[in-house]
Each structure stands twice: as C-alpha cells, then as structure tokens.
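Heads up, the thing below is written out as structure tokens.
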Amino acid sequence: MSSVSAAHVPTDALDRDSGRARLPDRSGSAAAEDGVRLAWDVYGTGDPTVVFLPSAPIVHSRQWKAQVPYLSRHHRVVTYDGRGNPRSDRPTDPEAYADDRMTGDIRTILDATETDRAVLVGLCIDGVWRSIRLAAEHPERVLGIVAFGIGVPRLAPAQPHYQASSATFHEELPSAEGWEKMNAAYWRRDYPDFARFFFSEMTTEPHSTKAIEDAAGWAADGSVDAMLAESETTFPFDLAQVEATCRAVRCPMLLIHGTEDQCQSIQRAHRLAELTGAPLVVVDGANHMIPGRHPVLANLLIRDFIRSLEGSPT
Amino acid sequence: MVASPSAPVGTRPNASPSAAGAWQPRPEQSRARDPDETGFVVRDGVRIAWERYGSGEPTILLLPTWTIIHSRFWKAQIPYLARLFRVVTFDGRGNGRSDRPSDPAAYAATEFVADALAVLDATGTERAVVAGLSMGAAYVLMLSGDHPERVLGTVYLGAALPLADRDPGRDEVPFDDDVGRDEGWARYNAFSWRRDWPGFVEFFFGEVFSETHSTKQIEDALDWGLETDADTMVTAEHAPYIETTENGVGLTGRAAALALAARSRCPSLVIHGTSDRIIPFAVGERLAEALGATLVAMEGSGHDVLGREPVLANLLIRDFVRGLERGS
C-alpha cells in the first residue's frame, strides 16, 4: 500500500477552477514505486468504483469535469493527475514515463484509495492501452473498461500528421504552420499556442470554443519539460505482443470512437473490437475529445455499461 | 454536428447491448419537445402561426420579439416549462410561419398585442403569465397595462423600452439614408440591409450574444434571421412602437411606457444583463422601479439570457410562476 497524505496541495490551476459542479470528498497523494507522487481525488460513494485515467501530461484530471459530477451521484469516482501535470510530480527523466510505470500508476492509485477493483475509463493511449494492459496482467483489479478515442499503438499506423511531425520533432523548422507546431523547439518557444492549435485539431466539431479553451488551459497548467520527457519514451511492445495483450482481456469492455478522430485512427478501434469482441460505438462526426465535447452521450454510455455489469457474474 | 452510434461491431455475452442503444440519434434542429397543438389566427388577412405545449396550470404566453427572429428563440424554455405549465407561443408577423404583410402599419406594436389576444382566444386561454424579450417587453407592458384581465403576471427580459439613453454609437447613421457603409452599427440602415442582410444579422447577434462561447446561439439566430428578409424588415422598421392612451390622450415612447407601468398591477419580474450591448442595463433598473418589480441583474450577461443562460432563465421563470400560485 502506498502512503497517503491527508490533503492535496492546492495550485493556481485549481484555485482558478473553484467553481466546480462537484468538489472531491477526499483528496490525497500517493507515491509510485519510483517515488513519483501522484495526486488523487475521490468523489461520492456507491459500487462499483469508477477510476478515470489520465491521458498524457498535456492535460490533467479536470479533463473529466463533465463526467465526475454525474457519475459520482451513483458511484464512487476516483480521478488522478498523471505524471507531469499539475499536482502530481513532473519528472523530466524520460524513463519516468515508461509504459511499465504509467501502467503501475493505476495500481498505485487503486491501492492508495483502497479500491480492490474498479471500472476503468480512459481516453487515448494513456487511458486505453494502459487499462488493457492492467486488465490483462491483473484481471482481479479490473471489472470493466470504457475506452474512448481508442489509443492502442501498433494496431494501425499513426495518423499521417503525427508521422510527419515526429520525423522533424527535434529539428529547428523555419516555420511553425499547422502540425509544424508539434516540434520540441516550438514547444519551448510557445507551448500555449501549440496547445490551442492541438486542441483545435482534436475538437473540430462546431461550437467547441469552450472545450478548446478548457483543454488549452489544462495544458498551460503543465510543464513543457515533462511533455518533452514523455515524448522521448518509446513504446516497448511489437504488434504481436500488443495483439496478445488485447486478446487476453477477459472483462467486459465498451469501445467508443469518433469518425473524425484526428488523434487515433478508427482502424485501431475496429481492430481492437475484433481482438476483444467488445462492442464499438462509432460516433458520427465526433473527433477525439468525446467525453469533453459530447458529455451527455459519454455519460450515458458509461452509466449503461456499468449497469450492464451489475447483472453479470463478477 | 450530430453524433449517432452505428451498429456495434462484435458482441460478447456480458457486455451491454443497451449501452450502444442508450443514445437516440436525431437531427440537430429537431425539437426537444414538439407542440401538442398548432393553429393559425387570421387578423385583417394576416395569418399568425401559434403553438401550444403541455397542459399544466397556469398558461405562459411566450411573446414574439423583433421580427428578425421567430418563436424558436424560446427553444431552451419551451421543453422545460411545458413539463410544468401550459406554454403558448406564436411567430410574430414577418417571420417564421406567420405572414409577412407589406404595409408598415401592420407591424405596429398594437398589432402584435392584438395578435397576442387573438392567440389567447384561439387557444382558449382566459389569463396567462406573459413573458417577452427585448421588443417583446413592449408587448408585455401593453398587455398588462391595457388588458389586465388577461394577464396573471409579467416577465421582462432585456426590455427594449425608451427608459434610458442608448449608446450614441447605436444611432450614428440615419436608417433611411444611404451612407454606403456596411460596418458596425452603420449596418443598422435600410440600404445596408438590402445590400447585405445576412451580414447585418451576423453582426447584430454578435452584439446580442457578447458572451464568450456563444457560437451556437449566434448560428441559430442567423438561421432564424434568414427566414425573413431585408424588405420585410425595412417595412416593419417604419411601424409605430409602444403606445397607449391616458385620459383620452395618445401617448408614445417614454411617456407611454411609464403610464403603462404605473397602470400595471400584476406581479412582475425584470431580468436584465449587466453587459447588455443592445439595451443598457439602466433600462431594466428603471423598468423595475416603475413597476415596483423584482430586478434580477445577470452579472456579465448580454442581451439574450434566454438563449445564453437558459437554465438560470428557466428557473427564474419557474419560481416566479410558482410564486404566483402561492399568492393566489
């Protein structure tokens, strides 16, 4: 069991955010095996516990702001800030963001919040792949998985704009148009502008100004150094290993993916559905940020998925 | 943007098939609540389209406003209020499903008031709570001042009444002179409207919805604004506005507003945004004072709190109506 401190450390980010629809009932921080401290919050009571996972250090646990108030009326809800943003530690050693450690963080949080088993909800690679890995390796801890914006590396090629920008990520580019902003030097020069660009690309639905502003604000709460460190990590598994891990999942899953997802290609979602037999909800016209941009749809899908577990043998 | 789940790919016995079906797809501009009854009233050959929702007590009559939009501007109120009360709306002459007469006199405020009374009759409504936004506030005031037997209570939102000076920039260009400029408030001009009606509508609702994150409200209003046209709007612009008589003397403008307010006896609620760019907040203050009504100052809000702060507006209206029931 990891250590638990009584109160979280308020930051400017959370002061700014004081008008929450629902405040946590309990907050604390837990140390991972490598000593990195992770800030967590618990809301509500009611079985089963639902843990919302972080999605990369570009945002933090407020990414689930539209889910927490609703679901915590019926369930115990746990969120935590991932490594790098903003109340958790912000290591600058790339090794701190390795797949093993990020997956291990879920167990650290489960232990710290005295949660034996939980439904995991995640978005993108940090949310989806890591919950799959945990379910495959520690099935006794995972009751079910709700996966948005299916981020499972290797199942299909990365989006073309990611391939192009990763090829020149460490180069000094003469311009910073569009995806050229996905560049180490540019992040150091104007990370807030990158964040606004990035979330505009991830949220192309009409009338998304609020969702974009929120996400860009969470990015600004974080750290460029943490982002750069995280970008140095390499994914440690090949396709066969990834597929074997996906096939090994035994708990119920629900997959949700937008037809316009600019972060994770929909081929990854279809392939994961084939490998796991899980139902895939394809949301017409939606981009990557479904929980933030389509919260009612996301909340009802999560709610009904959890209800469906109640009738099943556990 | 409409999200619609497709058929699930693959199944497993203990995963929820209902999860994928929980969300019912529907076109974006479909209605959260359809009317239970619709009809037309005809006055002087002009057809006025009305709708009735729900069957609770009392009835709330949601009035038209400026002809630039039609009754869908109440879209965020109707589904909620109709669960609790009986709701009647109608499209003002010149937009929506109502006719577009070509005589300026047909757009007089007195005609809108007569339409409201005709709709109350057609829907079998003896008395109603009456609510109006912007120019609709003049119709509310004329109904409660001159037809008190039909009005249970009144709600005024962003009231467009001549009770305080407007920002001088608003009136920099005479409406009927062609100054050849299509920018800012210079667009408030017959020639500019005929040159670029959509441009005016977009500009105007940008001023109405001055709050951040209002793109949806502006887009909706633009759709409604394009259901009428520049010629109709120019015609309506030449119609007389608020008027009444007192001791046999005809009154208009500020004198009419104050006389009507003094005569108004029913409970009233005045709601006004402190950052309203169309009608200064001071108008709401003076109206509340003249009526002896409660003033709700919406801090930082613009002109249309119905569209931009619908939950708050709905709860204010609900609580006001419930307060009437307790008082009766």
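The values are calculated or read from the model by the stated rules, or taken from the named source; none is laboratory data. Please read all numbers here as calculations on a predicted model, not as lab measurements. Every residue, glycine among them, receives a Cβ derived from its backbone with ideal geometry; neighbour counts consider all protein chains shown.
Of the residues screened, residue B:326 is not one that is loosely packed, with under 14 Cβ neighbours inside 10 Å, touching a helix residue (DSSP H, G or I) at 6+ places or on another chain (Cβ under 9 Å) and not in a loop (DSSP other than H, G, I, E, B). Starting from residues that are buried (at least 20 other Cβ atoms within 10 Å of the Cβ) and at the interface with chain B (Cβ under 7 Å from one of its Cβ atoms), keep the ones in segment A:281-303 and report whichever is nearest to residue A:118 (Cα to Cα). That would be A:301. Based on what the data block shows, is residue B:179 crowded, with 22+ Cβ neighbours inside 10 Å and β-branched (Val, Ile, Thr)? No. Selection of segment A:259-300 for residues being among the charged types (D, E, K, R) and out of contact with any Leu (no Cβ under 9 Å at 6 or more places or on another chain) yields A:260, A:261, A:274, A:284, A:293. Might you check whether a residue that is touching a His at 6+ places or on another chain (Cβ under 6 Å), at pLDDT 95 or above and surrounded by fewer than 24 Cβ atoms within 10 Å (Cβ to Cβ) occurs anywhere in segment B:98-110? Yes, segment B:98-110 has at least one match.
Total residues in segment B:204-217 satisfying the condition of being surrounded by 19 or more Cβ atoms within 10 Å (Cβ to Cβ) and either aromatic (Phe, Trp, Tyr) or assigned to a helix (DSSP H, G or I) (or both): the figure is 5.
Would you call residue B:268 modelled with pLDDT of 95 or more, within 24 Å of residue B:224 (Cα to Cα), among the polar types (S, T, N, Q) and buried (at least 22 other Cβ atoms within 10 Å of the Cβ)? Criteria not met by residue B:268. So is residue A:256 touching a strand residue (DSSP E or B) at 6+ places or on another chain (Cβ under 9 Å), surrounded by 18 or more Cβ atoms within 10 Å (Cβ to Cβ) and either closer than 30 Å to residue B:217 by Cβ or more than 14 Å from chain B (Cβ to nearest Cβ) (or both) or not? Answer is yes for this residue. Looking across segment A:37-49, the residues that are under 15 Å from residue A:26 (Cβ atoms) and part of a strand (DSSP E or B) come down to A:38, A:39, A:40, A:41, A:42, A:43, A:49. Within the set B:282, B:293, the sole residue that is surrounded by fewer than 18 Cβ atoms within 10 Å (Cβ to Cβ) and of a type outside the set (Phe, Trp, Tyr) turns out to be B:282. Put simply, of A:243, A:232 the only residue that is more than 12 Å from chain B (Cβ to nearest Cβ), closer than 18 Å to residue A:162 by Cα, over 17 Å from the mean Cα position of the chain (by Cα) and touching a residue at least 12 places away in the same chain (Cβ under 8 Å) is A:232. The helices (runs of 4 or more DSSP H) found wholly in segment A:94-200 and carrying at least 2 residues that are of a type in the set (Ser, Thr, Tyr) occupy A:99-112, A:160-167. Might you check whether a residue that is within 22 Å of residue A:58 (Cβ to Cβ) and either within 18 Å of the chain's Cα centre (by Cα) or buried (at least 21 other Cβ atoms within 10 Å of the Cβ) (or both) occurs anywhere in segment A:269-277? Checking segment A:269-277: at least one residue is within 22 Å of residue A:58 (Cβ to Cβ) and either within 18 Å of the chain's Cα centre (by Cα) or buried (at least 21 other Cβ atoms within 10 Å of the Cβ) (or both). Screening the candidates A:70, A:80 for the property of being among the aromatic types (Phe, Trp, Tyr) and surrounded by fewer than 24 Cβ atoms within 10 Å (Cβ to Cβ) yields one hit, A:70. Kindly indicate whether any position in segment B:144-154 is in a loop (DSSP other than H, G, I, E, B) and of a type in the set (D, E, K, R). No, the conditions are met nowhere in segment B:144-154. Does residue B:258 count as buried (at least 23 other Cβ atoms within 10 Å of the Cβ), over 17 Å from the mean Cα position of the chain (by Cα) and either of a type outside the set (S, T, N, Q) or closer than 27 Å to residue B:183 by Cβ (or both)? Taking the combined requirement at face value, the residue does not satisfy it. Return a yes/no flag: does segment A:304-313 have any residue that is modelled with pLDDT under 95, more than 7 Å from chain B (Cβ to nearest Cβ) and part of a loop (DSSP other than H, G, I, E, B). Checking segment A:304-313: at least one residue is modelled with pLDDT under 95, more than 7 Å from chain B (Cβ to nearest Cβ) and part of a loop (DSSP other than H, G, I, E, B).
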